[in-house]
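To start, the structure itself, in structure tokens.
The values are calculated or read from the model by the stated rules, or taken from the named source; none is laboratory data. Keep in mind the model is a prediction, meaning the values are calculated, not measured. No Cβ is skipped: glycine too gets one built from the backbone with ideal geometry, and neighbour counts run over all protein chains shown.
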Amino acid sequence: MKCPSHIAKHTEEDTMSTTPGLYDTTHGTPTVRLLINGEFIDSLASEYSLVINPATQEVLARVPCSTPAEVDAAVAAAQAAFKTWKTTPIAARMRIMLRFQALIREHLPRIAAVLTHEQGKTLADAEGDIIRGLEVVEHACSVGTLQLGEFAENVAGGVDTYTLRQPIGVCAGITPFNFPAMIPLWMFPMAIVCGNTFVLKPSEQDPMSTMELVALAVQAGVPPGVLNVVHGGKDVVDALCTHPSIVAVSFVGSTKVGTHVYELASRHGKRVQSMMGAKNHAVILPDANKEQSLNALVGAAFGAAGQRCMATSVAVFVGAAKDWLPDVVSRAKLLKVNAGVQPGTDVGPVISQRAKARIESLIAHGAEEGADLLLDGRGVVVPGYERGNFVGPTVIGGVKTHMQVYTQEIFGPVLVTLNVDTLDDAIALVNANPFGNGVGLFTQSGAAARKFQSEIDVGQVGINVPIPVPVPFFSFTGSRGSKLGDLGPYGKQVVQFYTQTKTVTARWFDDSSVSTGVNTTISLR
Ligand code: NAD
């Protein structure tokens, strides 16, 4: 599919092609299909939302709000498929993941273009979004060693104990708008390669690139019913969280919704992992490498228009490092704001007009509360994309911890800055913030770094690394308002999340064994 014909074409790059069969095109605007039991089918929904290109406002697709019967059908298909999928040999499951990763590589530029159109991020960053998810698929190819149990020989005379890591059943995943490739790929590949079946509910704001990846999973050989997709918002999410046949729910999104999902699904007896909002600090010590640190800070604050859960949104300058603030402003001013499809773009549009209005109102509130607007990105107009949801890089100085620009997740290209006297003050400040997703320390002192990593209460810690998203053999994590549930996505933790440990204690008798009589104690003899 090309963009619908009413979409203005700005450049050669401003086109995308999608996989035939993923959309119902009989009603003009393409309507995203559901995936149930291996078939891409039309929803009978009565309500729809729209996928809107954030750089142009053009409607790319309609997204149905799946009916309760469709959610039930997706879960029933997953439940039926679980019966055979759970006993499918591990090697067969891994081979599907090997084919899947090869297909993602083959289609990467095409899916990146779809992602840029629906989400707004630059083409290079869209490729990064897919590649960070692809790494999880590559890791899923080695589940044979990840899902190993343990074995202890002779725990008592002739008795061995061993563990099995068995799949748990039908799992559900609910994903946010900001990483429509990476986060679905955090979820369903690891869930299904462990032997579970899955129902995915992508973000209704940008489900098109997610559906491209789902189509590749089907093409790679994921059997009917093992992976299913429903669409919608709150009603569909709540139906998944309360469905009696779903055993586990993975959620990534805002703290408000994630807390609701965690509480609702837990109350209904499910395992839940809820990865939520953030206010990520970068602490800059005066001994840091100035050039490297400021470049890292500006890239992490304004890349992806500040809509990464690991974006740096607060800079904390320690001591004399506060003198570097004007350099941050001058670097931020140089960033190019434009549509993601345009070469050389640093900062694309934010996801929606609503998001833009919210970001601008928080900036205004910061000024009203007495902070200094050192660089104000409101009112940016991009020639050729006058209707785009653009907010330029914004730097706010003189921020105090009670101000809304500090207490709230802004999720836009806005960096708020604070000054403190010592590393201890910086650690106390970060630990007092309600969120605990990511943090960075910039220094050349190993002693300061070691103290920081030990005392800071944040899930992902970067030492001179601005966006420390762990590679897939580790797990993503978080503290306080950024995570609920003890096991995070991917890595070893997610294998634990998606499997149930069974402990077997076994003794075998041959015909020559001598009876020791009846034993009425608990001890093994
Ligand atoms: P969101 O919470 O609005 O939406 C996430 C999902 O929840 C979507 O699929 C949406 O349809 C659904 N949803 C929305 N409102 C709901 C409701 N009232 N009840 C039930 N379900 C509902 O999040 P978003 O705006 O799509 O994504 C941005 C947020 O995600 C930011 O807060 C960001 O920090 C966070 N995020 C966190 C991580 C992490 O790993 N910690 C990663 C990416 C994004």
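Looking at the stretch 143-227, the strands (runs of 3 or more DSSP E) lying wholly inside it that each contain 1 or more residues that are over 29 Å from SER254 (Cα atoms) sit at 151-156, 159-167.
Give me the residue from the stretch 261-271 that is without any contact (Cβ under 8 Å) to a residue 40 or more places away in the chain and buried (at least 18 other Cβ atoms within 10 Å of the Cβ) and, out of that set, nearest to the ligand (Cβ to nearest atom). Checking each candidate, the answer is ALA265.
Taking the conditions (1) surrounded by fewer than 20 Cβ atoms within 10 Å (Cβ to Cβ); (2) closer than 30 Å to THR312 by Cβ in turn, VAL518 satisfies each one other than (2). Which residue is nearest to the ligand (Cβ to nearest atom), if the candidates are limited to the stretch 336-363 and must be touching a strand residue (DSSP E or B) at 6+ places or on another chain (Cβ under 9 Å) and over 25 Å from GLU58 (Cβ atoms)? Restricting to residues being touching a strand residue (DSSP E or B) at 6+ places or on another chain (Cβ under 9 Å) and over 25 Å from GLU58 (Cβ atoms), the top hit is LEU362. Counting the residues of the stretch 240-254 that are within 11 Å of the ligand (Cβ to nearest atom) and surrounded by fewer than 23 Cβ atoms within 10 Å (Cβ to Cβ) gives 2. Just one of the listed residues (ALA217, ALA248) is among the small types (Gly, Ala, Ser) and in contact with a helix residue (DSSP H, G or I) (Cβ under 6 Å, 6 or more places away or on another chain), and it is ALA217.
Among residues belonging to the stretch 393-414 that are surrounded by 20 or more Cβ atoms within 10 Å (Cβ to Cβ), away from the ligand (no atom under 16 Å from the Cβ) and not aliphatic (A, V, I, L, M), point out the one that is farthest from GLY348 (Cα to Cα). Per the stated criteria, the residue is GLY397. Can you report the number of residues in the stretch 272-314 which are assigned to a loop (DSSP other than H, G, I, E, B) and either within 16 Å of the ligand (Cβ to nearest atom) or among the hydrophobic types (A, V, I, L, M, F, W, C) (or both)? So the count comes out to 11. Any idea which residue in the stretch 431-464 is surrounded by the most Cβ atoms within 10 Å (Cβ to Cβ), counting only those that are within 13 Å of the ligand (Cβ to nearest atom) and among the polar types (S, T, N, Q)? If we take residues in the stretch 431-464 being within 13 Å of the ligand (Cβ to nearest atom) and among the polar types (S, T, N, Q), then ASN437 is surrounded by the most Cβ atoms within 10 Å (Cβ to Cβ). Only one of the listed residues (ALA191, ALA152, ALA217) is away from the ligand (no atom under 16 Å from the Cβ) and under 16 Å from the mean Cα position of the chain (by Cα). That residue is ALA191. Of note, ASP206 satisfies the criterion of being charged (D, E, K, R) and within 13 Å of the ligand (Cβ to nearest atom). Residue-level analysis places PRO383 among those that are part of a loop (DSSP other than H, G, I, E, B) and more than 21 Å from ARG308 (Cα to Cα).
A single entry from ALA278, ALA311, ALA304, ALA315 fulfils the requirement of being crowded, with 22+ Cβ neighbours inside 10 Å, closer than 23 Å to ARG358 by Cβ and in contact with a Lys or Arg (Cβ under 6 Å, 6 or more places away or on another chain): ALA304. Kindly establish whether GLY481 is small (Gly, Ala, Ser), in contact (Cβ under 8 Å) with a residue 12 or more places away in the chain and closer than 27 Å to GLU138 by Cα. In short, no. In the set (1) touching a Gly at 6+ places or on another chain (Cβ under 9 Å); (2) not in a helix (DSSP H, G or I), GLY344 fails one condition alone, (1). Among residues that are away from the ligand (no atom under 14 Å from the Cβ), modelled with pLDDT of 95 or more and either outside any helix (DSSP H, G or I) or within 30 Å of PHE509 (Cβ to Cβ) (or both), LEU98 is not included.
Of everything listed in (1) out of contact with any strand residue (DSSP E or B) (no Cβ under 9 Å at 6 or more places or on another chain); (2) surrounded by 14 or more Cβ atoms within 10 Å (Cβ to Cβ); (3) among the acidic types (Asp, Glu), the single unmet condition for GLU368 is (2).
Every condition in (1) within 24 Å of PRO109 (Cα to Cα); (2) touching a Ser or Thr at 6+ places or on another chain (Cβ under 7 Å) holds for VAL137 except the one numbered (2). Only one of the listed residues (PHE435, PHE452, PHE442) is under 21 Å from VAL329 (Cβ atoms), touching a residue at least 40 places away in the same chain (Cβ under 8 Å), in contact with a helix residue (DSSP H, G or I) (Cβ under 8 Å, 6 or more places away or on another chain) and not aliphatic (A, V, I, L, M). That residue is PHE442.
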